[in-house]
Amino acid sequence: MRRNIFVLYALLMIAFFNVAQAVPCDRDCLAGFVTKYVDALLARNPAALPLAADVKFTEDTKELKLGEGVWKKNLKPTQYRRDILDVRQGTAISFLVLEENNAPILYVVRLKIDDNKISEIESTVVMNKEEGMLFNPDNLKTVRPEMLAKPEKSQMNTRDEMIKIAVTYPEGLKVGSFVKVDSPMKQDAYRYENGNLMAGPGCTFFKGCDVMKTQTIPKLSGLRYRVMAVDEELGVVSIRMNFGPGSLFSGKGELDVWHSFKIFDGQIHAAEAYCESVPPGTKSGWENGTEY
């Protein structure tokens, strides 16, 4: 009798464990993984992370052993951290500003969570203007409240609608016009790249940049992109793009961009990105048939 009870108890515990494992990582869980990752990075201790056996790590498009690259630097945190949390896909993206010897570093990372472990780590590090073409961390002291605000339920678009709206941005760059693809940008929408105001009210970077939809943009027919995450609660879509030939102000390189778009009421309200110059033909290291 006791043996039967023990067996039943063991079976119940196994069933409970399997159900617990099937529960997806919610927003708090995903944000917690970002915190664990940042803490381990600052401590230069990748062994502190719950990692999948076959975890893959890239930095600046190169596959490295976790603990190499920026992990070797003596980094300090700042107040700037902006998370994009995709519960449905188990993906967390975080835009951060870190410091080394009081010098700011723009750092962005994507974590993929499977079975309560980190299975993928994709990151980019922008150290200065030479690496990023644009670099103005003075505008990245705190996260702009527009990106953190939760739209009203009545304003929210579906996941598929948000993706469809977001990809009008890279599709517009491919043809050299946001107007031609009728990208649904709000009249006062803005765009920051590496902390530089590149479009929207108050933009003086070049003539006509005060209206994002109608501003003059280059035709980047070689652009490639993939949707990385959709934060369905905040209304944010993250897309990584390689702008292809002709995307730098000078030289033969290309611009590699981690973009994010604030979308609700069927419109793009804001766009913020980190970007880095890379050699011609650079691949992201995560090509899996989902690029466009």
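Where a number appears in this text, it was derived from the coordinates with a stated rule and is not lab data. What you are looking at is a predicted structure, and each value in this text was computed from that prediction instead of being measured. Positions of Cβ are backbone-derived with ideal geometry, glycine not excepted, and every protein chain shown enters the neighbour counts.
Here's the yes/no breakdown for (1) under 25 Å from D182 (Cβ atoms); (2) out of contact with any helix residue (DSSP H, G or I) (no Cβ under 7 Å at 6 or more places or on another chain):
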{"position": "S123", "(1), (2)": "no, yes"}
{"position": "F135", "(1), (2)": "no, no"}
{"position": "L140", "(1), (2)": "no, yes"}
{"position": "K153", "(1), (2)": "no, yes"}
{"position": "I165", "(1), (2)": "yes, yes"}
Which listed residue is touching a residue at least 24 places away in the same chain (Cβ under 8 Å), over 27 Å from M212 (Cβ atoms) and buried (at least 17 other Cβ atoms within 10 Å of the Cβ), from S94, S119, S123
S123
Would it be correct to say that R224 is of a type in the set (K, R) and crowded, with 22+ Cβ neighbours inside 10 Å?
no
Could you check, for the range 45-55, whether at least one of its residues is surrounded by 20 or more Cβ atoms within 10 Å (Cβ to Cβ) and closer than 29 Å to E233 by Cα?
no
Residue check, R110 against (1) without any contact (Cβ under 8 Å) to a residue 12 or more places away in the chain; (2) of a type in the set (D, E, K, R); (3) crowded, with 20+ Cβ neighbours inside 10 Å, all met but one. Which one?
(1)
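Only residues that are among the hydrophobic types (A, V, I, L, M, F, W, C) and outside any strand (DSSP E or B): list them for the range 186-221, please. Lay out the reasoning, then the answer.
We begin by selecting, within the range 186-221, every residue among the hydrophobic types (A, V, I, L, M, F, W, C); these are 189, 197-199, 203, 205-206, 209, 211-212, 217, 220.
Correct list: C203, F205, F206, C209, V211, M212, I217, L220.
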Regarding the range 171-185, can at least one residue be identified that is surrounded by 13 or more Cβ atoms within 10 Å (Cβ to Cβ) and part of a strand (DSSP E or B)?
yes
